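One structure below.
The values are calculated or read from the model by the stated rules, or taken from the named source; none is laboratory data. If you're wondering where the values come from, they're calculated on a predicted model, not measured in any experiment. Positions of Cβ are generated from backbone atoms using ideal geometry, with glycine treated the same way; all protein chains shown enter the neighbour counts. In case anyone asks, the SASA skips ligands and DNA or RNA and just uses the protein heavy atoms, side chains included. Shrake-Rupley method; radii C 1.70, N 1.55, O 1.52, S 1.80 Å.
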Amino acid sequence: MTSIDKFLSDIERTKKVSRQKGIAGGYNSIREELARLFENATSCPTDLPHSLFEYWENAYIFTSADLTWEPETANCERLAGMLALLEDSDEYTDTLNAQDWQEIGRLVNFEAEDLPVDILQSLMTVLVSKGAY
């Protein structure tokens, strides 16, 4: 099991536990835990993981008509794609669309000054290949 697959498994476990406990609120009841899981799953320093999580949340979760069952599998896989990018992996990155890549590119540019050079180079290589710039 890769670290990305473990991350997805942790999301599913978090959703399951919340629903078994009968915690009302759907996504809102697990939001903090998901943010923590995402940020802890990456070794990328700076606020980039937090920014990516917020983008994902605004683009895919808060646009949902019903937050009760969010995040759905497709949305979890998009977040896993963002994690994979941060971890220099290509797992699940095919779940990200052109708009995602452009926004990720914008967020990386914003954080570029604070990113270690090797991480920045790796991210830029992928972003250029995905047409983010």
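Go through the residues of segment 85-102 one by one and say whether even a single one is aliphatic (A, V, I, L, M), free of Cβ contacts under 8 Å to residues at least 60 places away in the same chain and open to solvent by 60 Å² or more (accessible area, probe 1.4 Å). Please lay out each step first, then the result.
So the first thing to find is which residues in segment 85-102 are aliphatic (A, V, I, L, M), and the list is 85-86, 96, 98.
Filter once more, keeping what is free of Cβ contacts under 8 Å to residues at least 60 places away in the same chain: 85-86, 96, 98.
Pick out the ones that are also open to solvent by 60 Å² or more (accessible area, probe 1.4 Å) and you get 98.
For segment 85-102, residues aliphatic (A, V, I, L, M), free of Cβ contacts under 8 Å to residues at least 60 places away in the same chain and open to solvent by 60 Å² or more (accessible area, probe 1.4 Å): present.
Would you pick out the residues in segment 16-49 that are modelled with pLDDT under 90 and charged (D, E, K, R)?
The answer is 16, 19, 21.
Please verify whether residue 108 is in contact (Cβ under 8 Å) with a residue 24 or more places away in the chain and open to solvent by less than 10 Å² (accessible area, probe 1.4 Å), treating the condition exactly as stated. Write out each step before concluding.
Working: in contact (Cβ under 8 Å) with a residue 24 or more places away in the chain: yes; open to solvent by less than 10 Å² (accessible area, probe 1.4 Å): yes.
Answer is yes for this residue.
Going by the structure shown, is residue 27 surrounded by 20 or more Cβ atoms within 10 Å (Cβ to Cβ), under 15 Å from residue 4 (Cβ atoms) and not aliphatic (A, V, I, L, M)? Step through it out loud before you land on a result.
On the way: surrounded by 20 or more Cβ atoms within 10 Å (Cβ to Cβ): yes; under 15 Å from residue 4 (Cβ atoms): no; not aliphatic (A, V, I, L, M): yes.
Judged against the criteria, residue 27 is not a match.
Listed here are the residues, each with its yes/no results for (1) part of a helix (DSSP H, G or I); (2) free of Cβ contacts under 8 Å to residues at least 60 places away in the same chain; (3) aromatic (Phe, Trp, Tyr).
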site: 11; (1), (2), (3): yes, no, no
site: 49; (1), (2), (3): yes, yes, no
site: 56; (1), (2), (3): yes, yes, yes
site: 68; (1), (2), (3): yes, yes, no
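Considering only residues that are open to solvent by less than 60 Å² (accessible area, probe 1.4 Å) and touching a Ser or Thr at 6+ places or on another chain (Cβ under 8 Å), look in segment 111-129 and name the one that is farthest from residue 34 (Cα to Cα).
126
With in contact with a helix residue (DSSP H, G or I) (Cβ under 8 Å, 6 or more places away or on another chain) and among the β-branched types (Val, Ile, Thr) as the only criterion, which of 128, 17, 108 stands out?
On the way: 128 fails: in contact with a helix residue (DSSP H, G or I) (Cβ under 8 Å, 6 or more places away or on another chain); 17 fails: in contact with a helix residue (DSSP H, G or I) (Cβ under 8 Å, 6 or more places away or on another chain).
Matching residue, one of 128, 17, 108: 108.
Open to solvent by less than 70 Å² (accessible area, probe 1.4 Å), within 26 Å of residue 133 (Cα to Cα), among the polar types (S, T, N, Q) and under 13 Å from the mean Cα position of the chain (by Cα) - does that describe any residue in segment 69-78?
Step one: list which residues in segment 69-78 are open to solvent by less than 70 Å² (accessible area, probe 1.4 Å), which gives 70-71, 74-78.
With the extra rule that they be within 26 Å of residue 133 (Cα to Cα), the set shrinks to 74-78.
Those left that are additionally among the polar types (S, T, N, Q): 75.
In the following step, the residues that additionally are under 13 Å from the mean Cα position of the chain (by Cα) were identified as 75.
Among the residues of segment 69-78, at least one is open to solvent by less than 70 Å² (accessible area, probe 1.4 Å), within 26 Å of residue 133 (Cα to Cα), among the polar types (S, T, N, Q) and under 13 Å from the mean Cα position of the chain (by Cα), which makes the answer yes.
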